[in-house]
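The values are calculated or read from the model by the stated rules, or taken from the named source; none is laboratory data. Every value quoted in this text rests on a predicted model; they were computed, and no experiment measured them. Cβ placement follows ideal geometry from the backbone for every residue including glycine, while neighbour counts extend to all protein chains displayed. Protein only, heavy atoms only, side chains kept; ligands, DNA and RNA dropped before computing areas. Shrake-Rupley method; radii C 1.70, N 1.55, O 1.52, S 1.80 Å.
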Amino acid sequence: MKYIGFRTYSVGIAAMLAFMPTLVRAEIKSTVVDALAAASYQERKQVLDTANQAAKDKGLTLEALGKACNLLPVRIGAILTGQAPLETPTQECLEKQLGLKAGILNPLRVPPVRWNAGAIYRLHEAIDVYAPTLQRWMNERFGDAILSAIDFTINVEETKGSHGERRIRIILDGKALQYSGDEAWRPTNTQPAGERR
């Protein structure tokens with residue numbers, strides 16, 4: 001009997017472990033982001049293929065290109081995989097090193113939409129970290145309430161920090177929605193407990 005129980009328990013643990021990577025994966029999936037990222041990549045693909053083929057033909061490694069352009073190899077790799085925007089001095093250097101016509105890498109200058117979008121991941125992180133505190137504050141201020149995401153607006157603005165740095169401010173403005181109290185949970189056609197005879 002113990003063996004059967006242990007076996008059932010083991011199977012349950014194995015099933016849970018098999019499912020866990022899906023639950024704990026940090027990647028944030030969104031069909032909208034996926035579509036935007038795919039479109040962003042397609043706009044760059046031809047130029048990326050040209051640049052990477054030129055590097056291959058010339059036998060230029062990321063390290064060699066990084067040294068020539070005074071950048072770390074990983075930054076060059078991010079540019080040549082479409083995951084980082086290309087800045088003017090680097091563009092001029094890469095076009096020269098790769099033997100490409102001036103301006104051919106222009107499509108790589110626009111910031112890419114990344115599949116695992118940092119902005120989306122960080123917004124999730126900020127909410128995950130601070131949501132328990134925000135909920136506690138809401139309860140202290142409004143009682144048993146939540147922030148509406150229907151009667152709701154978001155405003156984004158740029159501000160300056162105390163050291164003059166550019167900062168992003170996001171204002172979530174939603175109605176305070178109350179959870180239902182006891183009155184809403186009474187069976188129909190009954191009197192409150194104190195009024196029954």
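Tabulated data for the structure shown
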| read-out | value |
| --- | --- |
| Candidate set: the range 80-91, residues that are part of a helix (DSSP H, G or I) and surrounded by 15 or more Cβ atoms within 10 Å (Cβ to Cβ); chosen: the one nearest to the chain's Cα centre (by Cα) | L80 |
| Scan of the range 133-180 for residues that are of a type outside the set (F, W, Y) and in a helix (DSSP H, G or I), ordered by number | T133, L134, Q135, R136, M138, N139, E140, R141 |
| Verdict on R109 being within 28 Å of the chain's Cα centre (by Cα), over 30 Å from K175 (Cβ atoms) and open to solvent by 50 Å² or more (accessible area, probe 1.4 Å) | yes |
| Qualifying position, being over 20 Å from V33 (Cα atoms) and hydrophobic (A, V, I, L, M, F, W, C), among L100, L108 | L100 |
| Pairs where the first residue, in the range 158-181, is open to solvent by 80 Å² or more (accessible area, probe 1.4 Å) and the second is of a type outside the set (S, T, N, Q) and assigned to a loop (DSSP other than H, G, I, E, B), C-beta under 7 Å, 6+ apart | R167/G161; Q178/G143; Q178/D144; Y179/D144 |
| Matching residues, the range 62-79, being open to solvent by less than 80 Å² (accessible area, probe 1.4 Å) and not in a helix (DSSP H, G or I) | L71 |
| Yes/no for S10 being open to solvent by 40 Å² or more (accessible area, probe 1.4 Å) and either under 27 Å from the mean Cα position of the chain (by Cα) or modelled with pLDDT under 80 (or both) | yes |
